[in-house]
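Novice: After the structure tokens below, expect a handful of questions from me.
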Amino acid sequence: MRNTILGQALAISLLAGLTAGAAQAQTAGPSRDPSTLIAVLADMGARGEMDGREAGQVRLNVVTPGGIFGAEFIGCDEAGRACRALGFSASVDKRTLTLEHLNDFNGRDILCRTVMRGDQVDVRYGLLLADSQTEGDLREHVAVWQRCLGAFAGLAKDPDGFLGSPEE
């Protein structure tokens, strides 16, 4: 069983909002349904594959030409829809990255967060979902996530060079 720290933190913060009834689940906006993200990813040339569902969470592996990352819907109803939040995450081997590198990266970017877990470094991006959000909104969040991945790749490849370069 795979639990992410992001998933745990969002699940705790959203606990009070999980009392939605069946009627609300039927009227949930499209961005709150994991199948919508799967369709958005397909339109973008990627593939979302179900990785698991339990205790209000739906996990996907996302396969792209550039690699694989995870997407986790949190605070979902019993049918795995009407989710309250979404988190993206990717991991790489620590290599030459230090805690100082990660702190400097986190200080430069408010949306993309990095954490060190043993020999792994994770980059994460999370968002709350609302009924008013559309497929287009999800597409924009995926684009932000892609920017996070690009910045993280630059950090992982050459931490000192990346952090020495001017901010975008």
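Novice: In whole percent, how big is the carbon plus sulfur part of the accessible area of the range 64-129, probe 1.4 Å, protein atoms only?
Specialist: On the way: 1610 of 3200 Å².
Answer for the range 64-129 is 50 percent, counting heavy atoms of protein chains only.
Novice: Calculate, in nm to one decimal, what residue 110 and residue 143 gain on full extension: separation in residues at 0.36 nm each, minus their alpha carbon distance. Let's see the in-between values first.
Specialist: Details: separation 33, 0.36 × 33 = 11.88 nm, distance 1.54 nm.
Full extension of this stretch gives 10.3 nm more.
Novice: Determine ³J(HN,Hα), in whole Hz, for all residues of the range 65-71 in sequence, where each value follows from phi through the Karplus function 6.51 cos²θ - 1.76 cosθ + 1.60 and θ = phi - 60°; x replaces Gly and Pro.
Specialist: Calculated HN-Hα couplings, in order: x, x, x, 10, 9, x, 10 Hz.
Novice: Would you mind checking the range 119-142 for residues with the amide N under 11 Å from a putative spin-label position 7 Å along Cα→C-beta of residue 91?
Specialist: Under cut-off, by backbone N: 119-123.
Novice: If you put +1 on each Lys and Arg Cβ and -1 on each Asp and Glu Cβ, how big is the dipole of the range 73-138 around its Cα centre, in Debye rounded to 20?
Specialist: On the way: 8 positive and 11 negative charges, 43 e Å.
I would put it at about 200 debye.
Novice: Now a separate question. So how far apart, in nm, are the two label points at residue 163 and residue 135 if each is 7 Å from Cα heading toward Cβ?
Specialist: About 4.2 nm, to one decimal.
The values are calculated or read from the model by the stated rules, or taken from the named source; none is laboratory data. As the structure is a prediction and not an experimental result, all values here were calculated from the model. Reconstructed Cβ throughout: ideal geometry from the backbone, glycine too, with neighbour counts over all protein chains shown. What goes into the accessible areas is simple: the full protein's heavy atoms, side chains included, and nothing from ligands, DNA or RNA. Shrake-Rupley method; radii C 1.70, N 1.55, O 1.52, S 1.80 Å.
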